[in-house]
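Below is one structure, written out as structure tokens; comments come after it.
No value in this document is a laboratory result; all are computed from the given coordinates. Predicted model, so just to flag it, every value in this text is computed and none were measured. Reconstructed Cβ throughout: ideal geometry from the backbone, glycine too, with neighbour counts over all protein chains shown.
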Amino acid sequence: MIKKKGTVYRLETPATTLVLKADTAQILYYGKKLVSADWCEALRSSPCRLFSEYGQGDFNEQSVLLVNADGGFSTNFVYSKSKILAEKPVLENLPSSYGESKTLELKYVDATKVALYLYYTVFEDTDAIAVSAKIVNGAKKEIHIKKLASVQAELTGRFEFITFNGAWARERRKNARAVCGGTFVNESRAGASSHAHNPFVMAKGEKGVFGFHLLYSGNHKESMTEYDGVTRVIAGINDFMFDWTLGAGEEFCAPEAAMCYAETEDALSRQMHAFAAEHVVRGKWKKRERPVLVNSWEGAYFDADSVVEMAKVSKDLGAELFVLDDGWFGRRNDDTSSLGDWSDNVEKLGCTLAELAERVRGCGLKFGIWIEPEMISEESELFRSRPAYAMRVPGRTPVRLRNQLALNMADEKVQNFVVRTVSDVISRCGASYVKWDYNRMLTDCFGKGVAAGEYFHRYMLGVYKVISKVVKRFPFVLFEGCAGGGARFDLGMMSYFPQIWTSDNTDARDRLQIQDGSSYGYPQSVMGAHVSASPNHQSGDSHPLETRFNVACGGLLGYELDVRKLSEKDKKTVAAQISFYKEHRKLLQFGNFYRLGDSFGGDYGGFISVSPDRGAAIAVIAAEKRTNVPPPRVAFKGLNPAYVYEVTARRQENYENNLSFTAGGDVLMCGELFFPDFYDDASARENSGCMYTRMFLIKKQKNL
Ligand code: DGJ
């Protein structure tokens, strides 16, 4: 809801209030919901501003920076007008949130006739406010945009800057540092949102936690500056190498960001989950239960010839979808060749891709396919026939990462080629699922006719154009984004792909942490999570099959191992796991998700997914055994303290004890739950990772 008094606007979400003064571009208040109706008088002035520019005596990190037609770079954006729009403006060719909502539009104009527009969209059903910015060049000559942030929020007080950082196979580890007396930055210059620095950040202070979440998959930058007791948060496209020429009469839209406030990190996460699930993920798969899949990668790697045998076993185990990963095309026997040659490797497959897909379907499974459309191998027909499609700087030796080059997605011809080839692959095998991979970061950024300062963003615009066309063309196909695991795990991609491969690291202990870090900004319904072989191929550690399953239940369950090699006992266990998952997947995939304990070195970690009416929940507790230390004391979360619940441990093949008891919701959440046999895992010797896990089903029995 948006209320107006003069030039003061009050934006209301269920739990938060944002009060803006349009004419002075001030944030009068942002935080916990204000209920009183008299809201104008007391909140008359504030040091907090909606945007910051160079040239008016503000020497900190700015949200808008232009080079004017006359070569000067000072601006003075002065209030022009404001209005409430009944519908959210469309962001052409950019990812965006959607849904019923009102939008506040604010307009500021500089003496050069360049206008700055700010948009605030309030979603009544969640606490997120979508924010974006636009520059319209009303001058007679071209200008240069050196920076246009999507959102600026200034907050009074001091804050911790919380970011989610990592690397390949250890994405999104939570980091916090105090912001004091300067600017602190979280950014990607990799051409993708990156494994290293996710575009979701939080500002945590005495009054609560503020979340800022960019809907963008390319170079991004989030900064927090503390100056004179005010903390400025800015998020948007990275200004690294950014220089956008805007001709007379043209406009430039910054990508959207979502911001929200909550009293606790947990509450903020659930706001972000609701926002992503309700207003970002779209299409036929939005709220649909996701299939249990078996993916060929860690089971077969490039030996895609054993697929039908694997599919047969997968069907017996209860899987619903078989995904043929890398290795099925061109002459792809390792990662040195064939990207771009999306023709069937009949010799390896023993038949065409279409026939293979038919055979998999003949086993009673849906068929899914892997593709990496934005890339090119120098050892490929495509490179031989269209070398100009590759992204390279003329006269320089390109940097090869994973032995491959990227395509120049800023070029329309390349974009059309990618749409054509991906569409052809999907059509010819009748895929129900597509894993869209992207396995290198960008280094040789260059496109003929594309200004250097525009390259990164034009690359992303090209990608979005292609993806949106393909997704529209195949509305029933389930797309899973992937980028060497989680290098494009962001709301930009999630605007097109309803799920994303969270990480290439499938080690249960590492995965628990990666999923835990990811869960701050993203719901479990977007996180691909697979059970893989033991010892794990990335870490070398072993974890019991039940532990691997318990952890994978924190996301969208799949198996990624050679199912033919499972022992008969393990096959029975997997079949029981899949049947359990199918019975409870609505709750696991779409329940309200809470992190339990502290998966990063606390006494225990884990998660609980609770039904919206709090009548049912499934919890996973994980703890590392230490010599002569008793099992942890545990607290569940999200239950109703006024209900009595029946708690049953899922029948795990590695525990003899089939625990079951009843207790009030308040007792279950008080932090004193104790399971004496927690470390009595019968398969402990297989457990070099030393992590023990148990899963609990929690059902309401009655009111207290
Ligand atoms: C990286 C992905 O993250 C893996 O899951 C797998 O698809 C490989 N690429 C295939 O090359």
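Odds and ends about this structure:
- Helix runs (DSSP H) in the chain reaching 20 Å along axis by Cα, Kyte-Doolittle at least -0.5: 412-429, 455-473
- For the stretch 356-426, the list of trypsin sites (Lys or Arg not before Pro) that fall in a loop by DSSP and count at most 16 other C-beta atoms within 10 angstrom reads 396, 400, 402.
- Computed FRET value (nearest 0.05) for residue 572 with residue 303, which takes r as the C-beta separation and R₀ as 35 Å: 0.85
- The distance between label points at residue 662 and residue 92 comes to 6.4 nm (points 7 Å beyond Cα on the Cα→Cβ vector).
- Relative contact order, whole percent, for the chain stands at 10, derived from Cα pairs under 8 Å and 6 or more residues apart.
- Order of 163, 352, 397 - criterion: other Cβ atoms within 10 Å of each residue's Cβ, fewest first: 397, 352, 163
- Backbone HN-Hα couplings from phi across the stretch 630-638 [Karplus 6.51/-1.76/1.60, Hz, Gly and Pro as x]: x, x, x, 8, 10, 10, 7, 9, x
- One chain, two ends: residue 160 and residue 1. Fully extended at 0.36 nm per residue, the span grows by 54.3 nm beyond their Cα-Cα distance.
- Each 10 Å bin, from zero up to the one with the longest distance, holds this percent of the alpha carbon pairs of the chain: 3, 15, 24, 25, 19, 11, 4, 0.
- Sorted by Cβ neighbour density within 10 Å, fewest at the top, the residues 604, 98: 98, 604
- All aspartates and glutamates inside 12 Å of residue 366 as judged from Cα atoms, apart from same-chain residues fewer than 8 positions distant: 320, 358
- Within the stretch 507-664, antiparallel bridges make up roughly 75 percent of the DSSP beta bridges whose residues both belong there.
- The sum of -39500 (n - 2.57) across all DSSP H runs of n ≥ 4, divided by the residue count of the chain, sets its helix-only mean residue ellipticity at 222 nm to -5500 deg cm²/dmol.
- Contour minus Cα-Cα distance for residue 428 and residue 44 (0.36 nm per residue): 131.9 nm
- Within straight-line cross-link reach of residue 413, lysines at Cα separation under 19 Å, skipping those fewer than 8 residues along the same chain: 448, 465, 469
- Label positions at residue 59 and residue 670, each projected 7 Å from the Cα along the C-beta direction, are separated by 5.9 nm.
- 307, 419 arranged by Cβ crowding within 10 Å, fewest neighbours leading: 419, 307
- The relative contact order of the stretch 480-551, computed from alpha carbon pairs under 8 Å that lie at least 6 residues apart in sequence, is 28 percent.
- With a Förster radius of 41 Å applied to the beta-carbon distance between residue 401 and residue 81, the computed FRET efficiency rounds to 0.25.
- Considering all different alpha carbon pairs of the stretch 148-290, the Kirkwood hydrodynamic radius works out to 16.2 Å.
- Multiplying the residue separation of residue 564 and residue 245 by 0.36 nm and subtracting their alpha-carbon distance yields 109.1 nm.
- Those GluC sites (Glu not before Pro) in the stretch 172-247 that DSSP places in a loop and that have at most 12 other beta carbons within 10 Å: 206
- Using the Cβ-Cβ distance between residue 263 and residue 351 with R0 = 35 Å, the FRET efficiency computed as 1/(1 + (r/R0)^6) comes to roughly 0.05.
- A Cβ-based charge dipole, computed about the Cα centre of the chain with Lys and Arg at +1 and Asp and Glu at -1, lands at about 1320 debye.
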